[in-house]
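This report concerns only the one structure given below.
The values are calculated or read from the model by the stated rules, or taken from the named source; none is laboratory data. Predicted model only: the values in this text are computed from it and were never measured. Backbone-built Cβ (ideal geometry, glycine too); neighbour counts: all protein chains shown.
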Amino acid sequence: MDTTTEKAFAKLNLSLDVGAKRPDGYHEMTTVCQTVDFCDELTLTLRRGGESSVSVNLPYLPCDRRNIALKAAALFFEHIGESAFSVHIDILKHIPVCAGLGGGSADAAAVLRALNSLTKSGLTPAALETLSEALGSDVPFCVRGGTALSTGRGEILTPLPPLKPCSITLCKPRFSVSTPTLFARLDKARLRFRPDTEGLITAIKAGDLPGCARRIFNIFEEILPSGRDQVDIIKSVLLEYGALGAAMSGTGSAVFGVFEAPDAAKAASDSLSHLYREVFLTAPQPRIEE
């Protein structure tokens, strides 16, 4: 039996805009995504015969076919036409669940990368990205991560230069957000503001971290069904301690702040830790190259 370990890096949405609903039921997305070095850890053991299985350190997460990591394994084996193999996936979760940080998508992407290595299948990262489209909108980005513009329903990726080095404080409040509920509210809402995506991309290309941070924006913050006060409180603390910009990630409810000074990020983290249980210090993670 061959065993390998793989890290599954969390994803932040530096900006997030949503367009019209598509014929396939998804919405048009325009988002600048960034992976960070905060991650789940997966251990995969390739086996001959039997059925694939998964174990997770959090008892409330499913360990059956509902688990996206197990779906990723089944998809990979089907794609390479290999029925003799199975895999056991052990997931050590660190990324908060239902937080807008792409934890499940990151796990699925990590499974694809790890199985590609274990089976010596030789699929390119681009091929893995295409394969992963069937698993969810965030999974293609999570295959290689880094900094990228994501459009379509999330599967059209345009790599961007790495975000200038910085420190990031991340906080998950005590509530989660239903993604279907939020999209349903979005379809009925008249939004007042939209993110300056082009300005953000220009600032990233120029290595202008303050310019990037000023353009961090998530349209979903305006239509949160509940808990918006907690998002605002966390953002206020982050900005008070010197964050250049702060926003909710994805459909929430995790909030992040971007800092130039590591000491300021640590001070913000310490302050938030008195109010919230899930507070983390992290930093941008570079793209996984071919």
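Side notes on the structure shown:
- Residues in region 135-155 that are modelled with pLDDT of 95 or more and farther than 15 Å from GLY102 by Cα: LEU149, THR151.
- When region 7-35 is filtered for residues that are touching a residue at least 40 places away in the same chain (Cβ under 8 Å) and either surrounded by fewer than 23 Cβ atoms within 10 Å (Cβ to Cβ) or among the acidic types (Asp, Glu) (or both), the ones remaining, listed by number, are LYS7, ASP17, VAL18, LYS21, ARG22, ASP24, TYR26, HIS27, GLU28, MET29, THR30.
- For region 50-87, the candidate set comprises residues that are touching a Ser or Thr at 6+ places or on another chain (Cβ under 8 Å) and among the acidic types (Asp, Glu); within that set, the residue that is surrounded by the fewest Cβ atoms within 10 Å (Cβ to Cβ) is GLU51.
- Residue selected from region 150-184 under the condition of a type in the set (S, T, N, Q) and crowded, with 19+ Cβ neighbours inside 10 Å, by the criterion nearest to ILE201 (Cα to Cα): SER150
- Pairs, first in contact (Cβ under 8 Å) with a residue 60 or more places away in the chain in region 214-227, second assigned to a loop (DSSP other than H, G, I, E, B), C-beta under 6 Å, six or more apart: ARG215/ASP196; PHE217/PRO195; ILE219/LEU191; PHE220/THR251
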